[in-house]
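Peer 1: Please find one structure pasted underneath; my questions will follow.
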Amino acid sequence: MRRWVNLCDHGDIVAVPRPLKQRFPSVDLDLTDSIAPFDFHRAAPYLRSAAVAATPAPFLANS
């Protein structure tokens, strides 16, 4: 892994403390987004997130 991008939902109390970079200095980018109102711990809402889609996009375009 060359880059650590952390994304959490605004309402996710498990994703505290924010920003995660305070505890893990190797985090390159710390994003907070509205993933889902109640279902933010499941993979599907994260995978539908525009923030998640945008993160690998520059690397996929060069493949």
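Peer 1: What number comes out for the charge environment of residue 46, summing +1 per Lys or Arg and -1 per Asp or Glu over other residues with Cβ under 11 Å away?
Peer 2: Values: positive: 42, 48; negative: 9, 12, 33, 39.
Surrounding charge for residue 46 is -2.
Peer 1: Ok, one more. Give, in whole angstrom and from largest to smallest, the semi-axes √(5λ) of the equivalent ellipsoid of the chain, with λ running over the eigenvalues of the Cα gyration tensor. Please report the intermediate quantities before stating the final value.
Peer 2: Working: eigenvalues 81, 60, 12 Å².
That gives 20, 17, 8 Å for the three semi-axes.
Peer 1: Within the set of other residues whose C-beta is less than 12 Å from the C-beta of residue 10, count the net charge using Lys and Arg as +1 and Asp and Glu as -1.
Peer 2: Details: positive: 18; negative: 9, 12, 33.
Net charge in that neighbourhood comes out at -2.
Peer 1: Quick query: amide H of residue 7 versus all other amide H atoms, modeled in the peptide plane; which residues come in under 5 Å with a sequence gap of 5 or more or a different chain?
Peer 2: 31
Peer 1: Got a sec to turn the phi values of the stretch 17-33 into Karplus ³J(HN,Hα) couplings, 6.51 cos²θ - 1.76 cosθ + 1.60 with θ = phi - 60°, whole Hz, x for Gly and Pro?
Peer 2: So the J values, rounded to whole Hz, are x, 10, x, 5, 4, 4, 9, 10, x, 7, 5, 8, 9, 10, 10, 10, 9.
Peer 1: Also, quick follow-up: Name the trypsin sites (Lys or Arg not before Pro) in the chain that are in a loop by DSSP and that have at most 15 other C-beta atoms within 10 Å, would you?
Peer 2: Values: sites: 2, 3, 21, 23, 42, 48; in loops: 2, 3, 23, 42, 48.
Loop-located and lightly packed - 2, 3, 23, 42, 48.
Peer 1: Also: Below 8 Å, C-alpha to C-alpha, sequence gap of six or more: please give me the relative contact order for the chain in percent. Don't skip to the end; give the middle numbers.
Peer 2: Values: 58 pairs, mean separation 20.7, N = 63.
It comes to 33 percent, rounded to a whole number.
Here, each number is a calculation from the coordinates, and none is a lab measurement. This is a predicted model, so every value here is computed, not measured. Glycine gets a Cβ as well: all are built from the backbone with ideal geometry, and neighbour counts include every protein chain shown.
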